[in-house]
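Input: a single structure, listed below in structure tokens.
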Amino acid sequence: MDNTGLFRAIGTVLIIVGIVLVSNPELISSKPIPDDTFRAIERRIWWGLLIGIGTLLLFRHQVQPWLQTLAATSSALIFGVLVARLLGILLDGSVAKQWAWVAVEVVILVVLVWWYRKISV
């Protein structure tokens, strides 16, 4: 039985929920919005993991081989965090420390995608 359609549907829902919660984390959290721009952006980052899990379910539908799954999962999670950080910068404002994290995450993402492509051949 092929569950590809189900995985893609769940992935799409998780991406949408993740984007909504990254855009407005106060829908679930009752914590006050931090005055510090860095912390205001950081409160959004955990919801990026939903975007990452959704992305993984959208594009990868098998568990084995394990190394490919590990590379794909790591790439998807970093991608989700990166999307959340960029949305946070867009919504809360820009600070140099956040851009440094963007640079780090982009480098990690490039390495993980390279690794995934290398082991997928």
Query raised in the report: Of all the helices (runs of 4 or more DSSP H) wholly in segment 33-100, which have at least 3 residues that are closer than 22 Å to Asn3 by Cβ?
Result: 48-59, 66-92
Report task. Can you run down the residue pairs with Cβ atoms below 7 Å, 6 or more apart or on separate chains, where the first is in segment 53-73 and farther than 11 Å from Tyr116 by Cβ and the partner is in a helix (DSSP H, G or I) and at pLDDT below 90? Result -> His61/Thr4
Report task. Among the residues of segment 44-62, count how many are buried (at least 18 other Cβ atoms within 10 Å of the Cβ), more than 14 Å from Gly80 (Cα to Cα) and touching a Lys or Arg at 6+ places or on another chain (Cβ under 9 Å). Result -> 0
Requested in this report: Report the residue count in segment 1-29 for those that are among the polar types (S, T, N, Q) and under 12 Å from Phe59 (Cα atoms).
Outcome: 2
Query raised in the report: Which ones in segment 84-117 are under 15 Å from Ser74 (Cα atoms) and either of a type in the set (D, E, K, R) or free of Cβ contacts under 8 Å to residues at least 24 places away in the same chain (or both)?
Result: Val104, Glu105, Val107, Val110, Val111, Trp114, Arg117
Query raised in the report: Within segment 97-107, is there a residue that is surrounded by 17 or more Cβ atoms within 10 Å (Cβ to Cβ) and either in contact with a strand residue (DSSP E or B) (Cβ under 8 Å, 6 or more places away or on another chain) or not acidic (Asp, Glu) (or both)?
Result: yes
**Report entry** Set Val13, Val17: member being modelled with pLDDT of 95 or more and under 27 Å from Ser94 (Cα atoms)
**Finding:** Val17
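The values are calculated or read from the model by the stated rules, or taken from the named source; none is laboratory data. Note that the structure is a prediction, hence the values are computed from the model and not measured. Please note: Cβ atoms are built from the backbone with ideal geometry, for glycine as well, and neighbour counts cover all protein chains shown.
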